[in-house]
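*Asks:* Would you mind keeping the following structure in view while I ask a few things?
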Amino acid sequence: LASNKPDAAKARLEAALTATPKDPQLLRLAARFYATTRDFVSAERVLRETIEVEPSNLQAYGMLGQLFLAQRKLDAAKAEFETLAAKQPKSVPVHTMIAMILQGQGKNDEAQKRYEQVMAIDARAPVAANNLAWMYAEKGQNLDQALNYAQAAKEQLPTVAEVDDTLGFVYFKKELFSQAVQAYERAVKAAPQNPEYHLRLGQAYVKAGDWEKGRKSLQEALKLKPDVAGADEAKKLLATIGS
């Protein structure tokens, strides 16, 4: 694909999928390939298969949600998954997908209730645990429970940057700034091009008393994306500590 040979790439990929159709790593690769080549029908199909094979795959849910959003299919997708939920009331992936669609629609209170429903079905469902922990922390509520959920997600998804980001956010909200720094450092190491991780790491450094590292992280966030969410706050913080 990088060599501008999409047909050859597709043939190789689909041959591999025929040989091992349930390989999670191969399904993730296929999803990225189809999305990149704008074959959204195939991308959606493969992402659904990925979630079925690997229901803890946080990125697959996110990619599928973004795909629905890009195609303006959130309402239709939600209706479809609600029909599935009626048939499979204990399905963690189905209810998780509905919750993520609700988030995409900006219906955060409904999404939170759906994530709570998922956790009632499976108290260790990692995707729902991660997302619910973030929602609780964002509201500044149920922080002890948020930490339990974030830690449960971390145990099951130890190398996923989004999970360390959530764990850092919960620690930050609980004013456990040293622990927040450690979690954010892992997120930044795993995804060094994500400006939001750098920004939140910078804020945690400052709160932990390490202004120099905080300054560098905040500056890196603004360098990567000048209009990153929280940019104005970052600039004010830099002015306070001296940029």
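The values are calculated or read from the model by the stated rules, or taken from the named source; none is laboratory data. This is a predicted model, so every value here is computed, not measured. Because the Cβ atoms are built from the backbone with ideal geometry, glycine has one as well, and the counts that use them run over all protein chains shown. With ligands, DNA and RNA removed, areas are computed over all heavy atoms of the protein, side chains included. Shrake-Rupley method; radii C 1.70, N 1.55, O 1.52, S 1.80 Å.
*Asks:* Assuming a ≥ b ≥ c are the square roots of the Cα gyration tensor eigenvalues, decide whether the chain counts as rounded (a/c under 1.5), prolate (otherwise, with a/b larger than b/c) or oblate.
*Replies:* Numbers: a/c = 2.08, a/b = 1.39, b/c = 1.50.
Judged from the Cα gyration tensor, the chain comes out oblate (a/c at least 1.5, b/c at or above a/b).
*Asks:* I241 to I121: extension gain in nm, 0.36 nm per residue of separation minus the Cα-Cα distance?
*Replies:* Values: separation 120, 0.36 × 120 = 43.20 nm, distance 4.66 nm.
Answer, rounded to one decimal: 38.5 nm.
*Asks:* Further question on the same structure: Within the set K113/K139; K73/K139; K189/K216; K5/K223, which residue pairs have Cα atoms separated by over 23 Å? Intermediate results must be reported in sequence, preceding the final value.
*Replies:* Details: K113/K139 14 Å; K73/K139 28 Å; K189/K216 15 Å; K5/K223 33 Å.
Among K113/K139; K73/K139; K189/K216; K5/K223, the Cα-Cα distance tops 23 Å for K73/K139; K5/K223.
*Asks:* Another question, then. Quick one: net charge around N108, please, counting Lys, Arg +1 and Asp, Glu -1 for every other residue with C-beta under 14 Å from its C-beta.
*Replies:* Working: positive: K107, K113, R114, K139; negative: D109, E110, E116, E138.
It works out to a net charge of 0.
*Asks:* By how many degrees, between 0 and 90 and to the nearest 10, does the Cα long axis of helix 126-139 differ from the longest principal axis of the chain?
*Replies:* 40
*Asks:* Using a basic spin-label model with each label point 7 Å from the Cα along Cα→Cβ, how many nm lie between K107 and A79?
*Replies:* Reported label-point gap for K107 and A79 is 1.3 nm.
*Asks:* Now for a separate question. Using 0.36 nm per residue, how much length does the chain from D23 to A190 gain when fully extended, once their Cα-Cα distance is taken away?
*Replies:* Details: separation 167, 0.36 × 167 = 60.12 nm, distance 2.29 nm.
Stretched out fully, the D23 to A190 stretch lengthens by 57.8 nm.
*Asks:* Next question. Rounded to the nearest 10 degrees, what's the angle between the helix 231-241 long axis and the longest principal axis of the chain, both from Cα atoms, 0 to 90?
*Replies:* 30
*Asks:* With a 10 Å cut-off between alpha carbons and a GNM built on the chain, which of V228, V46, V170 moves the most?
*Replies:* Taking springs between Cα atoms under 10 Å, the residue moving most is V228.
*Asks:* Summarise the accessible area of the stretch 119-243 (1.4 Å probe, protein heavy atoms) by the percent that is carbon and sulfur.
*Replies:* Details: 2880 of 6080 Å².
Carbon-and-sulfur percentage of accessible area, whole number: 47.
*Asks:* Okay, moving on. Cα centroid distance between the stretch 1-30 and the stretch 178-227, in Å?
*Replies:* Taking the Cα centre of each part, the stretch 1-30 and the stretch 178-227 sit 35 Å apart.
*Asks:* May I ask you to give the percent of accessible area on the stretch 24-71 that is carbon plus sulfur, with a probe radius of 1.4 Å? Working shown, then result.
*Replies:* Working: 1230 of 2270 Å².
The C+S portion of the solvent-accessible surface of the stretch 24-71 is 54 percent.
*Asks:* I would also like to ask the following. Between V53 and A15, what is the label-to-label distance in nm when each label sits 7 Å out along the Cα-to-Cβ direction?
*Replies:* 1.8
*Asks:* Here's a follow-up. If you take the square roots of the eigenvalues of the alpha-carbon gyration tensor of the stretch 148-243 and sort them as a ≥ b ≥ c, do you get rounded (a/c under 1.5), prolate (a/b over b/c) or oblate?
*Replies:* Values: a/c = 2.27, a/b = 1.56, b/c = 1.45.
In terms of gyration-tensor shape, prolate.
*Asks:* Then there is this: Return one whole number: the accessible area per residue of the chain in Å², for a 1.4 Å probe. Spell out each step's value before the answer.
*Replies:* Details: 12670 Å² over 243 residues.
Spelled out: the 1.4 Å probe surface of the chain, per residue, equals 52 Å².
*Asks:* Need one word for the stretch 73-125: rounded, prolate or oblate. Basis is the Cα gyration tensor (sqrt eigenvalues a ≥ b ≥ c); a/c below 1.5 gives rounded, then a/b vs b/c decides. If you can, show how the numbers build up before the last one.
*Replies:* Values: a/c = 2.43, a/b = 1.21, b/c = 2.00.
Cα axes put the stretch 73-125 in the oblate bin.
*Asks:* Relative to the present Cα-Cα distance, how much length would full extension add between Q151 and E138 at 0.36 nm per residue of separation? Walk me through the numbers before you get to the answer.
*Replies:* On the way: separation 13, 0.36 × 13 = 4.68 nm, distance 1.65 nm.
Fully extending the segment from Q151 to E138 adds 3.0 nm.
*Asks:* Additional query: Using a 10 angstrom cutoff on alpha carbons, build the Gaussian network for the chain and name the most mobile of K189, K174, K87.
*Replies:* K87
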